[in-house]
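Heads up, the thing below is written out as structure tokens.
The values are calculated or read from the model by the stated rules, or taken from the named source; none is laboratory data. Since we're looking at a predicted model, the values are computed, not measured. Positions of Cβ are generated from backbone atoms using ideal geometry, with glycine treated the same way; all protein chains shown enter the neighbour counts. Areas reflect the complete protein model, heavy atoms only, side chains present, ligands, DNA and RNA absent. Shrake-Rupley method; radii C 1.70, N 1.55, O 1.52, S 1.80 Å.
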Amino acid sequence: DTLSIAMDHLLGLVGKDYVLLIADRKVAYSVVALKSDHDKIMHLDASKLFAIAGEGGDAVQFSEYVQKNLHLYNLKTGLPLSTKAAAHFTRNELATALRKGPFQVNALLGGVDHSGPSLYHLDYLGTLHKVNFGAQGYGGYFCYSILDRLWKPDMSLDEGVALMNTCIKEINSRFLVGGADFTIKVVTAEGIRVLDPVLASSA
Amino acid sequence: MSSRYDRAITVFSPDGHLFQVEYALEAVRKGTTAVGVRGTDLIVLGVEKKSTAKLQEERTVRKIHVLDDHCCLAFAGLTADARVLINKARIECQSYKLTMEDRVSIEYITRYIAGVQQKYTQSGGVRPFGISTLIVGFDADGTPRLYQTDPAGTYSAWKANATGRNSKTVREFLEKNYTETSGDETVKLAVRALLEVVESGGRNVEIAVLRAGQPLQIYDEKQVEAVVSAIEAEKAATETS
């Protein structure tokens with residue numbers, strides 16, 4: 001079902017020492033909104049966030065599978081996987097499943113490790129790109145131009161949040177199905193912080 | 001299809017023995033001692049530290065292993081066999097979490113490990129694992145648990161137990177001296193039990209403590225020395241009084 005994969009808005013950006021990920025909170029069943037407070041950003045481990053767009057079952061199944069494998073690696077080796085390694089592992093799983101039983105998920109994986117903050121853009125075909133900022137779903141159509149113009153390296157958290165708020169405002173004014181609430185999470189060297197969700201009613 | 005591995009190696013003797021399993025237990029008896037003591041709020045694992053070669057990196061020779069955040073394992077016997085079994089157990093812990101959204105209970109993972117050990121006594125082309133394990137951890141309701149498995153695939157729960165060389169002596173000591181303890185008292189009991197068969201001194205024992213909701217804490221040399229000194233002080237006090 002290609003519609004649901006495109007209808008999830010995911011956005012991410014890399015800041016000075018953090019990665020900021022936001023995701024909308026709606027779960028749609030055909031033309032019905034099943035839920036408006038669904039958290040689409042999973043905590044892969046203490047220093048990695050995984051925002052997933054796509055089919056409900058696939059999204060949960062795949063992200064939990066990645067999460068448990070990262071945990072297994074941690075236990076076996078006593079070391080956490082770097083963001084880059086985790087992203088490549090995830091990509092490999094998508095690529096292997098592609099010609100067997102594909103996972104219909106697009107994702108943004110952001111984390112902070114010894115090399116600093118990094119963000120990866122993954123799609124259901126097994127494409128992987130390291131990016132400074134990224135989007136999944138229709139939201140990108142409206143926000144890439146904003147991010148292109150306003151993103152700069154080494155942004156402070158306040159600047160990053162302000163930029164995301166600008167993107168959220170744009171989606172909620174220009175996207176056909178407006179009124180989206182957004183989950184906002186930050187990952188820093190200290191760990192994951194869940195910020196207050198941005199509610200369309202208050203924005 | 002390979003028929004070369006159809007033949008069983010572990011077969012009954014005329015008088016009902018599985019000699020391969022008994023020989024595996026012999027291998028366990030040759031391994032360095034491991035002891036486990038269950039307290040009310042923590043579980044202590046102690047192992048005899050085998051003297052490492054001068055050029056060997058000591059920290060890479062580990063007998064106490066983490067299976068999951070809430071559960072650990074110590075063993076006596078063939079180290080390589082332990083590695084294989086521990087890997088299987090770690091995967092099972094995550095697989096269980098993936099399907100059940102819950103961590104394994106200590107009895108479950110013990111039953112799994114024992115099940116694997118039993119399978120290798122009744123399969124073609126394989127030999128039993130040459131290890132006995134002590135599995136410790138906390139269940140979801142916070143109850144501390146200690147289990148033991150052996151090469152036959154038997155398992156049972158214990159308040160305190162030992163395996164490996166001189167385990168009989170250690171177990172007899174524990175039977176005489178075990179009481180329900182908590183915190184440092186449990187650590188001291190475990191160390192005292194181990195010191196019955198190991199040359200005295202912090203250099204020859206490794207102690208690990210598991211508390212509910214906390215990662216496994218492996219005592220460094222200073223901490224072990226502190227426990228050993230406390231034990232020796234108590235012994236001196238009781239001898240003079």
Note, B:Y96: beta-carbon cut-off 14 Å, +1 each Lys/Arg, -1 each Asp/Glu, net -2
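Going through the range B:1-92, which GluC sites (Glu not before Pro) have at most 11 other Cβ atoms within 10 Å and a DSSP loop state?
On the way: sites: B:E22, B:E26, B:E48, B:E57, B:E58, B:E92; in loops: B:E57.
The qualifying sites are B:E57.
From the helices alone, meaning DSSP H stretches of at least four residues, give me the mean residue ellipticity at 222 nm for chain B, per-run term -39500 (n - 2.57), in deg cm²/dmol to the nearest 500. Display every interim value, and only then the final one.
Details: 6 runs with 92 residues, N = 241.
The per-residue figure over chain B is -12500 deg cm²/dmol.
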As I understand it, the value is the acute angle between the Cα axis of helix B:106-119 and the longest principal axis of the Cα atoms of chain B; what does it come to in degrees, rounded to 10?
40
Chain B - charge dipole about Cα centre, Lys and Arg +1 at Cβ, Asp and Glu -1, debye rounded to 20
800
Using a simple spin-label model with points 7 Å from Cα along the Cα→Cβ vector, what separation in nm is obtained for A:L125 and B:E199?
6.7
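Classify the range A:57-155 from the C-alpha gyration tensor, please: rounded if a/c falls under 1.5, else prolate or oblate depending on whether a/b exceeds b/c.
Details: a/c = 2.59, a/b = 1.26, b/c = 2.06.
Because a/c hits 1.5 or more and a/b fails to exceed b/c, the range A:57-155 counts as oblate.
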Looks like chain A, by Cα gyration tensor root eigenvalues a ≥ b ≥ c and the a/c under 1.5 rounded cutoff (else prolate when a/b is bigger than b/c, oblate otherwise), is oblate
With an 8 Å cut-off on Cα pairs and a minimum separation of 6 or more residues, tell me the relative contact order of chain B in percent.
28
Provide the net charge surrounding A:D154, with neighbours chosen by a C-beta distance below 10 Å and charges set as Lys +1, Arg +1, Asp -1, Glu -1.
0
Work out the length of the dipole vector of the range A:1-155 about its Cα centre, built from +1 on the beta-carbon of each Lys and Arg and -1 on the beta-carbon of each Asp and Glu, and round it to the nearest 20 debye.
260
Taking a ≥ b ≥ c as the square roots of the Cα gyration tensor eigenvalues, with a/c under 1.5 meaning rounded and otherwise prolate when a/b beats b/c, else oblate, which class fits the range B:1-147?
oblate
Entries of B:K54/B:K168; A:K68/B:K159; A:K16/B:K97; B:K54/B:K222; B:K49/B:K119 with Cα pairs more than 24 Å apart
B:K54/B:K168; A:K68/B:K159; A:K16/B:K97; B:K49/B:K119
How far is the Cα center of the range B:164-241 from the Cα center of the range B:23-97, in Å?
17
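Tell me the mean residue ellipticity at 222 nm calculated for chain A from its helices only (DSSP H runs of n ≥ 4, each -39500 (n - 2.57), averaged over every residue, nearest 500). Provide the component values of the computation, followed by the final result.
On the way: 5 runs with 74 residues, N = 203.
Only helices count here, giving -12000 deg cm²/dmol.
Taking Cα pairs under 8 Å and at least six residues apart, what relative contact order does the range B:87-148 come out at, in percent? Working shown, then result.
Numbers: 56 pairs, mean separation 18.0, N = 62.
That works out to 29 percent.
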Using the basic label-point model (7 angstrom from Cα toward the beta carbon), what is the A:V177 to B:A157 distance in nanometres?
5.0
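Provide Rg over Rh for the range A:86-203; use the alpha carbon set for both Rg and the Kirkwood Rh (inverse mean inverse pair distance).
Values: Rg = 15.5 Å, Rh = 15.8 Å.
Here Rg/Rh amounts to 0.98.
Out of the range B:1-71, which chymotrypsin sites (Phe, Trp or Tyr not before Pro) are coil in DSSP terms and have no more than 16 other C-beta atoms within 10 Å? Working shown, then result.
Working: sites: B:Y5, B:F12, B:F19, B:Y23; in loops: B:Y5.
Answer by residue number: B:Y5.
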Give me the dipole magnitude in Debye, nearest 20, for the range B:15-88 about the Cα centre, with unit charges on the beta carbon: positive for Lys and Arg, negative for Asp and Glu.
320
What are the trypsin sites (Lys or Arg not before Pro) within the range A:40-71 that DSSP puts in a loop, where the Cβ has at most 12 other Cβ atoms within 10 Å?
none
Which residues of the range A:56-79 end up with at least 30 Å² less accessible area in the presence of all protein chains than when their chain stands alone, using a 1.4 Å probe?
A:E64, A:K68, A:H71, A:L72, A:L75, A:K76
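FRET efficiency for B:R127 and B:S95, Cβ-Cβ distance as r, R0 = 22 Å, nearest 0.05? Show your work: numbers first, answer last.
Numbers: r = 26 Å, r/R0 = 1.17.
According to the calculation, E is roughly 0.30.
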Which of B:Y108, B:L189, B:G137 sits closest to the plus end of the dipole of the range B:98-193, meaning its Cα is farthest towards the positive end, when Lys and Arg get +1 and Asp and Glu get -1 on the C-beta?
B:L189
Per the charge dipole of the range B:120-241 (beta-carbon charges, Lys/Arg positive, Asp/Glu negative, Cα centre), the residue among B:L210, B:A152, B:A226 reaching farthest to the positive end is B:A152
